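Asker: I'd like to ask some things about the structure below.
Bear in mind these aren't lab numbers, they're just calculated from the coordinates by the rules spelled out. Being a predicted model, the structure only gives us computed values, none of them experimental. Backbone-built Cβ (ideal geometry, glycine too); neighbour counts: all protein chains shown.
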């Protein structure tokens, strides 16, 4: 029991150091949409990636740390090991990102048991859209069938260990729904656009019309007016006059 407490205490000390910051640490923020592939850079890489260790700190705030790569070798005991790979520049590649992947990733280099250089931290933020029709015959994250004329709500959420209010205030974070032409849908009265209190979620609610066939809506995330990532939804009518949201 004492050994377990020591490990927990060590994890808390390490995490506290990571979150409060220290000198000589490289930090990168990466914004990506769920379903895409992402590359997390290791800015302290050595020529030989057999010295590389990648550690994942669960959702920034917990004391649980998982070694994804150890000595250049992938840890096959992790749930998502099949989606991970180590790049030639020691970067960590993640395929088919999910909203569960957000968190703090740290790249370290060890030679003969001694750390070389400083930590390279990468904060991964994931944008994800879910569908909530008012009436549905089936429901899944990839496809939802609903009847024409029904109300539908698209919920676009940023999964981030940082306060979205903080990102809005200091980094100019902005979530918005736009049409195919890039026009903000807040300007169209047929759409109801609402923000959550913490600005991490923006919802779009509308009643689908016949002319919505092949219509595209995009949830965009910008920082300081620069597009970082977006999620696209396209409405398609099936032969039975039902709607498929893909």
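Asker: Treat each spin label as a single point 7 Å out from the Cα along the C-beta direction, and report the residue 83 to residue 169 distance in nm.
Answerer: Going by the 7 Å Cα→Cβ label model, 3.2 nm.
Asker: Here's another thing I want to ask about it. Quick one: 203, 98, fewest Cβ neighbours within 10 Å first, how do they rank?
Answerer: 98, 203
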